[in-house]
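Colleague: Encoded as structure tokens, here's the structure I'll be asking about.
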Amino acid sequence: MAESYVNLDKRSAAISKTETREKNGKKFTEYIVDIVVDNGEEYSIARRFSEFLALNQLMVHNFQIKYPFPPKKLNKLNATLVESRRKSLQEFLQHLITCPTASVRRSTDLARFLDPTNPVFTNKLVHKKVTLEDVNKRKQMLEITVVEGKDIKQGAKSMWDIVSYCVYDVDKQPEETNTFIGHTYRTPTIPGPYPNWNYRQTVNIKDKKKLYLKVYSSLDTNSTTNTNNIANGVAGGESTAPSVIGTAELAFSSLSLNNYSPTTHSLPLEPKGSGELLLSFILV
């Protein structure tokens, strides 16, 4: 890829026309995109609808863009459909190259799509389920989100009297006293009894087998110091230590992991009746 096409922000793009092509006895439509870059240089590229779709999938995966994209259709050579797609695809492309977010408009995937020396644009995402063995071979990272604590049982008079949080780690039992040491992860402190943590962390699970979690609660309602310390991420103080509400563990081998859409999992806490955790997982 020419270096200039990677580094320059694209100023404008317009799909000037469409052309019907034939390959291996099958007809398809190519959209001719005229592009002007910041230095005034002009050039054109030809892209199929499937290539625009691949670009959209990458943008959604990498940057979580939310832009309406035209759906797949049968009878894709219909003149009315082709013209409707031409307008929609032009608006989609213009949205990307003028996006206020610099990482979007300067992304390497967008540069590949707009590169005139790149005859075919492909989607690098793998749309299939990935086994734990695959993860270990490819050394992939897992993004874990502790979404919510549901029906957490807490021995406090009021939801305002306590502070709840979740500590977790892979392949070993997490300890409250070590929450800021090594690879133990801790959610923000949230008033219960229905904590919505939505805490996200990427961890390396190569050769790892289990995820361990502990949900803690501060029950020392008479000590402002202790509650403030916990809320600020500082364990201890002179008052009563936080108590464990419940624990849980999850084998990674039981998950259907992939790298294009998060999967959710509801995990009951032990002892039974302590509540449950809602987690989501995605390979990154």
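The values are calculated or read from the model by the stated rules, or taken from the named source; none is laboratory data. Values in this document were obtained by computation on a predicted structure and should not be read as measured data. So basically every Cβ, Gly included, is an ideal-geometry build from the backbone, and we count neighbours across all protein chains shown.
Colleague: Report whether or not GLU22 is in a helix (DSSP H, G or I) and surrounded by fewer than 16 Cβ atoms within 10 Å (Cβ to Cβ).
Modeller: no
Colleague: Based on what the data block shows, is LYS66 under 30 Å from PRO262 (Cα atoms) and without any contact (Cβ under 8 Å) to a residue 24 or more places away in the chain?
Modeller: yes
Colleague: Do you know which residues across the range 13-42 are among the acidic types (Asp, Glu) and more than 20 Å from ARG105 (Cα to Cα)?
Modeller: GLU19, GLU22, GLU30
Colleague: Only residues that are within 29 Å of SER44 (Cα to Cα), modelled with pLDDT under 85 and outside any loop (DSSP other than H, G, I, E, B): list them for the range 106-143, please.
Modeller: THR108
Colleague: Quick check, is LEU58 within 30 Å of LYS206 (Cβ to Cβ) and either in a loop (DSSP other than H, G, I, E, B) or modelled with pLDDT of 85 or more (or both)?
Modeller: Taking the combined requirement at face value, the residue satisfies it.
Colleague: Then there's this: Being closer than 21 Å to ILE205 by Cα and surrounded by fewer than 16 Cβ atoms within 10 Å (Cβ to Cβ) is the filter; apply it to the range 144-177 and report the residue that is modelled with the lowest pLDDT.
Modeller: As a first pass, look at the range 144-177 and keep what is closer than 21 Å to ILE205 by Cα: 144-147, 166-175.
From what's left, surrounded by fewer than 16 Cβ atoms within 10 Å (Cβ to Cβ): 171-173, 175.
On the way: ASP171: 89, LYS172: 87, GLN173: 86, GLU175: 75.
It comes out as GLU175.
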